[in-house]
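**Q** Please read through the structure below; I'll follow up with questions.
The values are calculated or read from the model by the stated rules, or taken from the named source; none is laboratory data. On a predicted model such as this, the values are computed, not experimentally measured, just so you know. Cβ: placed from backbone, ideal geometry, glycine included. Neighbour counts: every protein chain shown. The accessibility values were calculated without ligands, DNA or RNA, using every heavy atom of the protein model including side chains. Shrake-Rupley method; radii C 1.70, N 1.55, O 1.52, S 1.80 Å.
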Amino acid sequence: MGEYCLVPEANCYHIPDSVTFEEAALVEPLGCVLHGFRKIQLSPLSRVLIIGGGFIGRLFLQLVKGQNVESIIVSEPTESKKSILYKLGADQVVNPIDAPHIEADVVIECVGRQESMEFAFNAAAKGGQVLLFGVSAPETVISVSPFEIFSKELIIKGSFVNPFTHEEAVSLISKKVVNVKNLISHRVPMEELPGIMADYPKLNVSKAIVMY
């Protein structure tokens, strides 16, 4: 939580005047999403399922929308999130409990829970791609049928952090291709941070930034 830190010049990226400090604070998560996004293949015929409509799911949604795919479904159980997901380009927002038979060519898992990852494999169509992006607990174990992977010829990818994607992330924010500012749910003054962290689970935070 330091206000300043010393880093090697080679690890720094120039932020143009068109990018605010609030937006710049969100370059890193967009960089992570870009690394995962590069691992999937999309076409105009792709049916895409994004599991999780939180901050990361909304970044993926904007990137996928720019590829002019056939359709984008977002699986998100929280009713209050539906409005922004539709505004960002979702064709359909479903509650995973009510949509067990969804089928998609590309499935992007952004939650990291056992049930959401198993749902990703079940929803993948024949020849489909499954990107496991959500960060699970190290001890999490999922049940997946090897025969299903074999018979559906699934392509399974993982994505870890953000190598060599920051420059592109800065550019996408600068050019307003990806909107990150409207995804900030909480702006926290520094002096209020201890209290916010203590009550964090109750606050329904999508993405918070600390204000100095």
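**Q** Exactly one of (1) farther than 22 Å from residue 34 by Cβ; (2) surrounded by 11 or more Cβ atoms within 10 Å (Cβ to Cβ); (3) at pLDDT 95 or above is unmet by residue 146. Its number?
**A** With respect to (1) farther than 22 Å from residue 34 by Cβ; (2) surrounded by 11 or more Cβ atoms within 10 Å (Cβ to Cβ); (3) at pLDDT 95 or above, residue 146 is out only on (2).
**Q** Among the candidates 15, 40, 50, which residue alone is within 30 Å of residue 155 (Cα to Cα), assigned to a loop (DSSP other than H, G, I, E, B) and not charged (D, E, K, R)?
**A** On the way: 15 fails: within 30 Å of residue 155 (Cα to Cα); 50 fails: assigned to a loop (DSSP other than H, G, I, E, B).
Step by step, each of 15, 40, 50 is checked, and only 40 is within 30 Å of residue 155 (Cα to Cα), assigned to a loop (DSSP other than H, G, I, E, B) and not charged (D, E, K, R).
**Q** Could you go through region 144-153 and let me know if any residue there is in contact (Cβ under 8 Å) with a residue 24 or more places away in the chain, within 14 Å of the chain's Cα centre (by Cα) and at positive phi.
**A** No, region 144-153 contains no residue that is in contact (Cβ under 8 Å) with a residue 24 or more places away in the chain, within 14 Å of the chain's Cα centre (by Cα) and at positive phi.
**Q** Residues in region 44-60: is at least one surrounded by 19 or more Cβ atoms within 10 Å (Cβ to Cβ), more than 17 Å from residue 88 (Cα to Cα), among the polar types (S, T, N, Q) and out of contact with any helix residue (DSSP H, G or I) (no Cβ under 7 Å at 6 or more places or on another chain)?
**A** Checked region 44-60: at least one residue is surrounded by 19 or more Cβ atoms within 10 Å (Cβ to Cβ), more than 17 Å from residue 88 (Cα to Cα), among the polar types (S, T, N, Q) and out of contact with any helix residue (DSSP H, G or I) (no Cβ under 7 Å at 6 or more places or on another chain).
**Q** Do we have residue 33 as among the β-branched types (Val, Ile, Thr), in a helix (DSSP H, G or I) and out of contact with any Pro (no Cβ under 9 Å at 6 or more places or on another chain) here?
**A** Yes; evaluated as a whole, the condition is true for this residue.
**Q** Could you list, ordered by first residue, the pairs with Cβ atoms under 7 Å in which the first is in region 3-27 and modelled with pLDDT under 95 and the second is open to solvent by 90 Å² or more (accessible area, probe 1.4 Å), at least 6 apart or interchain?
**A** Final answer for the pair search is 3/212; 13/167.
**Q** Anything in region 4-17 that is surrounded by 10 or more Cβ atoms within 10 Å (Cβ to Cβ) and under 24 Å from the mean Cα position of the chain (by Cα)? List them, or say none.
**A** 13, 15 - these are the residues of region 4-17 that are surrounded by 10 or more Cβ atoms within 10 Å (Cβ to Cβ) and under 24 Å from the mean Cα position of the chain (by Cα).
**Q** Count, please, the residues in region 187-204 that happen to be loosely packed, with under 15 Cβ neighbours inside 10 Å and either in contact with a Pro (Cβ under 7 Å, 6 or more places away or on another chain) or not in a helix (DSSP H, G or I) (or both).
**A** 5
**Q** Within the group 167, 109, 118, which residue is more than 27 Å from residue 12 (Cβ to Cβ) and surrounded by fewer than 16 Cβ atoms within 10 Å (Cβ to Cβ)?
**A** Answer to the check: 118.
**Q** Another question, then. Check off (1) loosely packed, with under 11 Cβ neighbours inside 10 Å; (2) within 30 Å of residue 101 (Cβ to Cβ) for residue 182 and give me the number that stays unchecked.
**A** (2)
**Q** Condition test on residue 132, is it touching a strand residue (DSSP E or B) at 6+ places or on another chain (Cβ under 6 Å) and open to solvent by less than 30 Å² (accessible area, probe 1.4 Å)?
**A** Against the criterion (touching a strand residue (DSSP E or B) at 6+ places or on another chain (Cβ under 6 Å) and open to solvent by less than 30 Å² (accessible area, probe 1.4 Å)), residue 132 does not qualify.
**Q** So, one more: Kindly indicate which of 63, 26, 34 is closer than 16 Å to residue 179 by Cβ and either among the acidic types (Asp, Glu) or in contact with a Phe, Trp or Tyr (Cβ under 8 Å, 6 or more places away or on another chain) (or both).
**A** Numbers: 26 fails: either among the acidic types (Asp, Glu) or in contact with a Phe, Trp or Tyr (Cβ under 8 Å, 6 or more places away or on another chain) (or both); 34 fails: either among the acidic types (Asp, Glu) or in contact with a Phe, Trp or Tyr (Cβ under 8 Å, 6 or more places away or on another chain) (or both).
63 is the lone residue from the list that is closer than 16 Å to residue 179 by Cβ and either among the acidic types (Asp, Glu) or in contact with a Phe, Trp or Tyr (Cβ under 8 Å, 6 or more places away or on another chain) (or both).
**Q** Step by step: first the residues of region 92-104, then only those that are under 20 Å from residue 70 (Cα atoms) and open to solvent by 40 Å² or more (accessible area, probe 1.4 Å), then the one that is nearest to the chain's Cα centre (by Cα). Which residue is that?
**A** By that ranking, first place goes to 92.
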